[in-house]
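**Q** To start, I am sharing the structure in question, which I have written as structure tokens.
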Amino acid sequence: MGSSENKFDLIIIGGGPAGYNAAIRASEEGLKMALFEERALGGVCLNEGCIPTKTLLYSAKIADSARHGADYGVKVDSVSLDHAAIIKRKNRVVRTLTGGVAASLRTACVTVLRESAKIDGRALSGEGFIVSAGGEKFIAKRLLLCTGSYAFIPPIPGIDEAVTAGYAVTSREILSLSSIPPRLIVIGGGVIGLELASYFNSAGSDVTVIEAMPQIAGATDSDISAILLRNHEAKGIKFKLCAKVTSVRDGTVTYESGGQVATLDADLILVAVGRRPKTDAVGLENIGVRTNRGAILTDDACRTSVPGVFAAGDCNGKSMLAHTAYREGEVAINVMTGLRDTVDYNAIPAVIYTNPEVADVGETENSAKAKGIDVKTATVPLVYSGRYVAETEYGDGILKLVVGKQHNNVLGVHMIGPCASEIIYGAAMLVAREVRLDELRRAVFPHPTVGEALREAAFMIK
Ligand code: NAD
């Protein structure tokens with residue numbers, strides 16, 4: 001230990017969106033850096049999350065459009081998905097993007113080490129922290145922890161055995177299936193459950209989603225959640241709401257709903273009941289980094305309880321979204337290099353990439369009420385948009401605008417419909433800047449676009 005090659009200004013543990021983006025940002029500040037990654041550069045997002053699922057869902061969307069081609073005067077004789085070809089394409093997309101990350105890190109002169117890293121303790125000389133990896137010791141003045149998260153397997157009787165036997169899987173394994181399961185049960189009607197239910201339904205599986213809560217899509221606006229449910233039921237996905245899975249045995253799932261016990265048989269079970277911060281093998285205890293139920297405690301500037309140690313991404317358990325991870329990584333680097341910066345957690349957009357898409361940012365009526373904020377709202381059916389009518393037969397999409405009564409400023413925007421994911425960043429700016437209704441009304445929107453519904457909503461609110 002002690003050779004100058006192993007001494008760094010900054011060690012980043014984890015090469016997902018938080019880690020690799022922070023490394024590129026830090027290189028602009030001239031920091032000498034090492035980044036450790038034990039699995040694959042790009043993390044869950046690029047390898048087994050956001051990008052693979054979007055690749056699959058795009059194929060499903062093409063198939064769904066082709067199936068409804070006749071509604072638009074396009075004749076398509078028969079449509080089927082070639083799952084093996086879709087997975088092959090997904091692997092190619094992942095290779096292209098992870099290759100891009102590796103190239104960016106090389107260009108930024110980041111030392112990338114494909115090892116599992118663990119914090120050993122503080123360097124005696126006061127030089128910072130000691131990290132061990134691959135049998136070597138490394139010293140850094142500062143640490144940035146970006147260790148991500150893992151799919152949670154709940155303590156349901158029989159589920160561990162089902163995972164071991166391979167008939168229960170998480171979102172990681174299901175993305176590499178070589179064929180479509182005839183009957184798929186999805187435990188959990190949150191973001192992951194819905195996106196994958198949507199793909200496998202389009203690909204021909206008989207899909208049932210079992211969700212413990214009375215609505216799907218978690219804290220999403222309840223009207224939008226109801227529309228999403230209706231759309232997916234119309235496609236043939238079955239939903240069991242207020243239904244809690246109580247056991248799994250030999251492909252049979254037992255659940256309880258309204259005091260009744262029922263069973264369902266499946267060829268495959270997807271467990272999608274949330275993710276947990278991955279922090280247990282990092283050596284946090286060796287330098288006293290504080291955690292809460294496994295999540296690294298951070299402030300809005302991404303500082304942990306230990307000066308010089310920062311954390312970004314899913315490991316802090318705050319927002320658990322790749323785009324939040326990007327921003328947190330940047331904020332951490334900015335703050336450690338002396339700039340003032342914070343993450344605005346009130347204005348983080350969230351998207352569910354089902355067909356139709358759901359996108360939202362800021363307060364819903366319910367969350368505002370829970371915080372004691374008085375709001376007024378407008379709900380615009382997307383058929384107010386000429387573009388939507390031109391491109392969507394039988395659509396029931398809506399946009400909901402939430403405005404604070406006190407300052408007449410935009411507090412939230414919630415949408416279900418095409419392009420919602422591409423519109424929501426503009427809404428996030430409105431929320432972040434606390435834009436007033438009169439300012440929004442003066443904005444010029446391109447015509448014809450689905451986004452014009454937002455302008456329409458601004459004029460509806462009195
Ligand atoms: P989630 O928390 O979104 O949803 C899990 C659902 O499972 C909840 O609705 C919960 O009520 C239900 N549940 C829990 N135990 C159950 C039981 N025993 N029986 C029936 N239902 C049960 O979790 P997720 O969908 O696994 O997603 C994990 C994380 O990944 C989230 O933080 C999410 O933000 C992130 N993610 C985001 C995107 C995106 O932004 N598009 C995509 C994928 C994942």
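Quick note: the coordinates plus some simple rules give every number you see, no bench work behind them. On a predicted model such as this, the values are computed, not experimentally measured, just so you know. Here the Cβ positions follow ideal geometry from the backbone for every residue, glycine too, while neighbour counts run over all protein chains shown.
**Q** Short version: ³J(HN,Hα) in whole Hz for each residue of region 331-346, in order, from phi by Karplus 6.51 cos²θ - 1.76 cosθ + 1.60 (θ = phi - 60°), x for Gly and Pro, what are they?
**A** Rounded to whole hertz, the list is 4, 4, 5, 4, 5, 5, 9, x, 8, 8, 7, 9, 8, 8, 6, 7.
**Q** If you don't mind, another one. Counting alpha carbon pairs within less than 8 Å and at least 6 residues apart, what relative contact order, in whole percent, applies to region 159-273?
**A** Relative contact order of region 159-273: 35 percent.
**Q** Sorting HIS407, HIS232, HIS83, HIS414 on the 10 Å Cβ count, fewest up front, what's the list?
**A** Least to most surrounded, the residues fall as HIS407, HIS83, HIS232, HIS414.
**Q** How large is ³J(HN,Hα) for each residue in region 215-227, as worked out from phi by the Karplus curve 6.51 cos²θ - 1.76 cosθ + 1.60 (θ = phi - 60°), to whole Hz, x for Gly and Pro?
**A** Here the 3J(HN,Hα) series is 10, 8, 6, x, 8, 4, 2, 5, 5, 5, 4, 5, 5 Hz.
**Q** Could you size up the charge dipole of region 159-273 around its Cα centre, putting +1 on the beta carbon of Lys and Arg and -1 on that of Asp and Glu, and report it in debye to the nearest 20?
**A** 140
**Q** Also, quick follow-up: Residues in region 129-147 near a label at GLU29, defined as backbone nitrogen under 18 Å from the 7 Å Cα→Cβ point?
**A** 129, 140-147
**Q** What percent do you get for the relative contact order of the chain when only Cα pairs under 8 Å and 6+ apart count?
**A** Answer for the chain is 14 percent.
**Q** Ordered by packing density, taken as the mean number of other Cβ atoms within 10 Å over each peptide's residues, highest first, how do 18-26, 149-157, 218-226 rank?
**A** Descending mean neighbour count gives 18-26, 218-226, 149-157.
**Q** Run the reach check for LYS318 against lysines, Cα to Cα strictly under 17 Å, same-chain hits fewer than 8 apart removed. What comes back?
**A** LYS278
**Q** Now for a separate question. Just report the Cα centroid separation between region 72-121 and region 181-208, whole Å.
**A** Using only Cα atoms, the two centres lie 22 Å from each other.
**Q** Right, here's the next one. Might you report the magnitude of the Cβ-based charge dipole of the chain about its Cα centre, with Lys and Arg at +1 and Asp and Glu at -1, to the nearest 20 debye?
**A** I would put it at about 540 debye.
**Q** List the lysines whose alpha-carbon lies under 17 Å from that of LYS141, not counting same-chain residues fewer than 8 positions away?
**A** Reachable lysines: LYS7, LYS32, LYS118.
**Q** Something else about it: As I understand it, the value is the acute angle between the Cα axis of helix 83-107 and the longest principal axis of the Cα atoms of the chain; what does it come to in degrees, rounded to 10?
**A** Tilt of helix 83-107: around 40 degrees.
**Q** Counting other Cβ atoms within 10 Å, which chymotrypsin sites (Phe, Trp or Tyr not before Pro) in region 354-396 have at most 10 and lie in a DSSP loop?
**A** TYR394
**Q** Once both axes come from the Cα atoms, what is the angle between helix 50-67 and the longest principal axis of the chain, in degrees from 0 to 90, rounded to 10?
**A** Value to nearest ten degrees: 20.
**Q** Taking θ as phi - 60°, what are the ³J(HN,Hα) couplings along region 421-432 by the Karplus curve (6.51, -1.76, 1.60), each to the nearest whole Hz, with x for Gly and Pro?
**A** Using θ = phi - 60°, the values come out as 5, 8, 8, 5, 5, x, 5, 4, 5, 4, 5, 4 Hz.
**Q** Given the C-alpha centroids of region 407-462 and region 341-379, what is the distance between them in whole angstrom?
**A** Using only Cα atoms, the two centres lie 12 Å from each other.
**Q** Name the residue from ILE86, SER171, ASN409 whose Cα lies farthest towards the positive end of the charge dipole of the chain, charges +1 on Cβ of Lys and Arg and -1 on Cβ of Asp and Glu.
**A** Toward the positive end, the furthest listed residue is ASN409.
**Q** What does the charge dipole of region 356-460 about its Cα centre add up to, to the nearest 20 debye, if the Cβ of each Lys and Arg holds +1 and the Cβ of each Asp and Glu holds -1?
**A** 440
**Q** Let me ask you something else. Between ASP341 and LYS244, what length comes free when the chain is fully extended (0.36 nm per residue of separation minus the Cα-Cα distance, one decimal in nm)?
**A** 30.7 nm
**Q** Taking the DSSP beta bridges in the chain as the whole, what percent of them are antiparallel, to the nearest 5?
**A** Approximately 60 percent, going by the DSSP bridge assignments.
**Q** In degrees, nearest 10, range 0 to 90: what is the angle between the Cα axis of helix 191-202 and the longest Cα principal axis of the chain?
**A** For helix 191-202, the angle is close to 50 degrees.
**Q** In terms of Cα to Cα distance under 14 Å, which aspartates and glutamates are near enough to LYS376, apart from those fewer than 8 places away along the same chain?
**A** Leaving aside aspartates and glutamates fewer than 8 places away in the same chain, those within reach of LYS376 are GLU363, GLU365.
**Q** Taking a threshold of 22 Å on the Cα-Cα distance, which of the pairs LYS240/LYS369; LYS75/LYS235; LYS369/LYS400; LYS54/LYS400; LYS238/LYS369 fall above it?
**A** LYS240/LYS369; LYS54/LYS400; LYS238/LYS369
**Q** Next up: State whether region 159-273 is rounded, prolate or oblate according to the following rule on the C-alpha gyration tensor (a ≥ b ≥ c being the square roots of its eigenvalues): a/c under 1.5 gives rounded; otherwise a/b larger than b/c gives prolate, and the remaining case gives oblate.
**A** oblate
**Q** Could you pull out every residue, at least 5 positions away or on a different chain, whose amide H is within less than 5 Å of the one on LEU113? Hs are placed 1.01 Å off N in the peptide plane, and Pro or chain starts have none.
**A** Distant-sequence amide H within range of LEU113: LEU35, PHE36, GLU37.
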